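For reference, the structure discussed in these notes is given below.
The values are calculated or read from the model by the stated rules, or taken from the named source; none is laboratory data. These numbers were taken from a predicted model, which means no experiment stands behind them. No Cβ is skipped: glycine too gets one built from the backbone with ideal geometry, and neighbour counts run over all protein chains shown. Accessible surface is based on the protein model in full, side chains and every heavy atom, while ligands, DNA and RNA are left aside. Shrake-Rupley method; radii C 1.70, N 1.55, O 1.52, S 1.80 Å.
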Amino acid sequence: MKKLISISVAVLALAFAAGPPQAHAQAEKFPAKPIRVIVPYGPGGGTDNLMRLLAPVVSNSIGQPLVIENRPGAATVIGSDLVAKAPADGYTLLATDTAVVVNPGLLKKMPFDTLKDLTGVTMMATAPVLLVTHPSVPAKDLKELLALAKQKPGQLNYASGGNGTSTHLAAELMKLAAGVDITHIPYKGTGPAMNDLLGGQVHMQFAGISTARQFVEAGRLRAMAVTGSRRNPAMPDVPTFAEMGVPGVDADSWWGVYAPAGTPPEVLSMLSEHLVKALRAPELQERLAALGFIPVGNSPQEHTQQMRKMVAQWADVIKRANIQAD
């Protein structure tokens, strides 16, 4: 009897050391059904466009369809909350932008904890943000613009797509880095903001290269500087903020894929590998570049660390600039 008990204990010990059998079985056969990807925006936006480019390539590679489901609302919280509370099995993912790291510092109440309830799968892409001014502003470059702002505190203004948006946060980060006072004029969307900038009703705005480039080339706007660590190939003549003596304006837009916390590491790694493979597919490179995306692709561990770092960074900017959500 003692011998039988010893054998049974040994078998159980080996089983527990190997991990839960069900979890391992799930990881081994994953994916066995379609994968749902929640986009917390309506159709046609940057996040939706990027995911719909990648989905067919990833589907062919991984052997199951990626089904995109748009769940807009509440500054991306509705869709993100759905994923945060979904089963941690890899079959429900979140594809979103920098809102995922901005909201924890911006919103007073959220139905989930970003850092505890979500984990990174991969950073899909980044895109720099461009500071542009109306030609009537008497500044030919960023140094002249900031000197003018210091001479006339509060008299220059900038447009944004609304309180707490990426265009608002980028400008506030620049103000903190350069030590200038420029008045914020929020709009209900970047489109109306750009229209008033083009009309000369406001002085400046942060905008995506894909939006502002045509107006810069036509002479209707003047490009001051671009965020990021290096110049962008789409506008190689525009210097970075660091080149112009204002380091620390790390305000690039970026897009990532996330899963519920507790998703098996093997599943996360598989998902990441197939997404990275799609991002590097030659047939997508030109299409991504045309939309202003710079493909990245990294490991779940790397992207989770990026997420944690950016949550802390934007919480600090939001606090120091006293930014309030609409």
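Per-structure values
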read-out	value
Charge dipole magnitude, Cβ of K and R +1, D and E -1 - the chain, Cα centre, debye nearest 20	420 debye
For the chain, average projected area of the Cα convex hull in nm²	19.3 nm²
When each of Lys108/Lys175; Lys143/Lys309; Lys152/Lys175; Lys175/Lys319; Lys116/Lys188; Lys29/Lys116 is checked by Cα-Cα distance, pairs over 20 Å	Lys108/Lys175; Lys143/Lys309; Lys116/Lys188; Lys29/Lys116
Relative contact order for the chain, counting Cα pairs under 8 Å that sit 6 or more residues apart, in percent	26 percent
Surface accessible to a 1.4 Å probe, Lys309 within the full protein complex, Å²	140 Å²
Counting DSSP beta bridges with both ends in the chain, the antiparallel % (nearest 5)	60 percent
Check: the stretch 220-326 dipole with +1 on Lys, Arg Cβ and -1 on Asp, Glu Cβ, in debye	260 debye
Sequence ranges 129-137, 110-118, ranked by mean other-Cβ count within 10 angstrom, highest first	129-137, 110-118
Set of aspartates and glutamates with alpha-carbon distance to Lys150 below 18 Å, sequence-local pairs under 8 removed	Asp141, Glu172, Asp181
Of the DSSP H helices in the chain, those whose Cα atoms cover at least 20 Å axially and whose Kyte score averages -1.0 or more	2-18, 46-62, 265-279
Cα-centre dipole for the stretch 69-173 with unit charges at Cβ (Lys and Arg positive, Asp and Glu negative), debye to 20	420 debye
Length-normalised contact order of the stretch 184-318 in % [C-alpha pairs under 8 Å, at least 6 apart]	14 percent
Cβ-derived FRET efficiency at R0 51 Å, Asp181 paired with Glu69, nearest 0.05	0.75
Accessible area of the stretch 190-310 belonging to carbon and sulfur atoms, whole % at 1.4 Å probe	50 percent
Solvent exposure of the chain as accessible area per residue, Å², 1.4 Å probe	47 Å²
Length added when fully stretched, Lys152-Lys116, from 0.36 nm per residue minus Cα-Cα	8.5 nm
Approximate spin-label separation Lys108-Ser210, in nm, with each point projected 7 Å along Cα-to-Cβ	3.6 nm
Total formal charge among the other residues, if their Cβ is under 9 angstrom from that of Gly105, Lys/Arg +1 and Asp/Glu -1	0
Accessible-area order (highest first, 1.4 angstrom probe) of the listed residues Tyr258, Tyr41	Tyr41, Tyr258
